[in-house]
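This report refers to the structure that appears directly beneath it.
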Amino acid sequence: MDAMQKDYLNYDQIATQYNQRYPNSQTWERGQALLELAKQVKAKTILEVGSGTGFWLNLLNQTGGKLFGLDYSMGMLQQSKGQPAPLSLSRGLGTQLPYRSASFDLLYCVDAIHHFGDHRAFIAEASRLLKPGGALAIIGHDPHEGPSHWYIYNYFDHVYDTDLRRYPSGNRVLQWMEQEGLKNISDQTVESIHNIHVGDAVLKDPFLKHSATSQLALLNEADYQTGMERIQNALAAAKEKKERIVFRSEINVKMWLGF
C-alpha cells in the first residue's frame with residue numbers, strides 16, 4: 001500500500017456526522033473572506049472543489065451567484081442536497097474537473113487540497129476554468145510552517161507526519177499558481193483559531209471525535225484509542241497533582257490567492 005492509498009479517507013462513511021465540525025457557536029472568518037472575494041470579483045458563477053456537505057456554498061448563496069459543487073464522495077453530495085441554497089452538484093476528481101474552460105468567476109477549496117493527490121494538477125485545472133479576472137482561492141493550514149499548537153498533533157501518533165505528507169507547502173502552492181499563469185498572487189491569514197480546553201472540557205471538543213477531521217479519521221481504531229488514552233492519562237495525572245492542564249488549538253488558516 002503506497003502513501004496515497006494509506007492517506008485515502010472514505011468520506012461516505014462519515015458524511016452524516018461531518019457537520020459536527022461546524023458548531024453554531026463558532027465564527028468562521030474564512031467564510032467572510034470568501035464572501036468578500038466573491039463580491040470583489042462580482043462572481044456570477046462559483047465553484048467549490050471538494051464541496052463536502054455544501055456548508056461553504058450555502059454561505060455564499062447570499063451573493064446571488066450560481067453555485068456549483070464538486071466532490072468525489074456520493075455521501076457528501078447527498079448531504080449537500082439538504083442545504084437551503086440551490087446547488088448544482090457533480091461527482092468528480094479535483095484533478096480532472098468536468099467543466100468547460102473559462103466557466104467560473106470564483107473557484108475555491110476549503111480544507112480540501114490535501115485530498116486531491118496531485119496538487120499541481122488541481123491548480124492547473126482550476127486555472128483553466130477561470131474566466132478573465134476570475135479568482136482561485138485555496139484555504140487551509142500549512143503544517144510545513146511548523147507544528148501548530150494543536151494538541152491533536154501531540155497525543156496521536158503519526159498525525160503530524162501524515163499531514164506533512166498530504167499537504168503542499170504554501171510556498172509550493174504560490175509557485176504553482178505563478179507557473180500556471182495566475183497573477184497578483186498572494187497569501188494571507190484569514191482566520192486564527194484559538195481554542196483553549198481546560199481539563200475535562202477537552203473531551204467535549206467536537207474535533208476530538210474519531211470522524212470529525214481527516215487527521216483522526218485516518219487513524220485505525222487502535223491508534224485512535226491509544227491517543228484518547230494518552231489524553232485520559234494526562235487528565236488523571238494533572239488531577240492527582242492538582243494541576244491545571246490546558247489543551248490548545250492555535251492554528252492559522254491561510255488563503256492562497258491568484259487571479
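Summary table
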quantity	calculated
Difference of contour (0.36 nm per residue) and Cα-Cα distance, residue 144 to residue 230	28.4 nm
FRET efficiency estimate (nearest 0.05) - Cβ-Cβ, residue 91 to residue 36, R0 35 angstrom	0.75
Highest average packing first - 132-142, 85-95, Cβ atoms within 10 Å	132-142, 85-95
Rounded tilt (10° steps) of 170-179 against the dominant C-alpha axis of the chain	10 degrees
Members of 39/254; 42/131; 42/66; 81/131; 204/254 lying beyond 22 Å, as alpha-carbon distances in this model show	81/131; 204/254
Only Lys, Arg (+1) and Asp, Glu (-1) charged, at Cβ; the range 104-182 dipole about Cα centre in debye	200 debye
Label-point separation, residue 194 to residue 171 (7 Å along Cα→Cβ), nm	2.8 nm
Stretchable slack from residue 153 to residue 103, in nm (0.36 nm times residue separation minus alpha-carbon distance)	14.1 nm
Assigned charges on the beta-carbon of Lys, Arg, Asp, Glu; the chain dipole about Cα centre (debye)	720 debye
Contour minus Cα-Cα distance for residue 62 and residue 244 (0.36 nm per residue)	61.1 nm
R0 of 41 Å, Cβ-Cβ distance residue 120-residue 237: FRET efficiency to nearest 0.05	0.35
The chain, relative contact order [Cα under 8 Å, separation at least 6], %	21 percent
Rounded FRET efficiency, nearest 0.05, which uses the C-beta distance separating residue 128 from residue 186 and R0 of 22 Å	0.60
Contact order relative to length of the range 59-174, as percent, for alpha carbon pairs under 8 angstrom and 6 or more apart	21 percent
Aspartates and glutamates with Cα under 18 Å of residue 183, excluding same-chain neighbours fewer than 8 positions away	105, 125
Amide proton proximity set for residue 53, modelled H, under 5 Å, gap of 5+	none
Residue-wise HN-Hα coupling along the range 108-115, computed from phi with Karplus coefficients 6.51, -1.76, 1.60 (Hz; x: Gly, Pro)	8, 9, 10, 6, 9, 4, 5, 8
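No lab work stands behind these numbers, since they all come straight from the coordinates. Please read all numbers here as calculations on a predicted model, not as lab measurements. Reconstructed Cβ throughout: ideal geometry from the backbone, glycine too, with neighbour counts over all protein chains shown.
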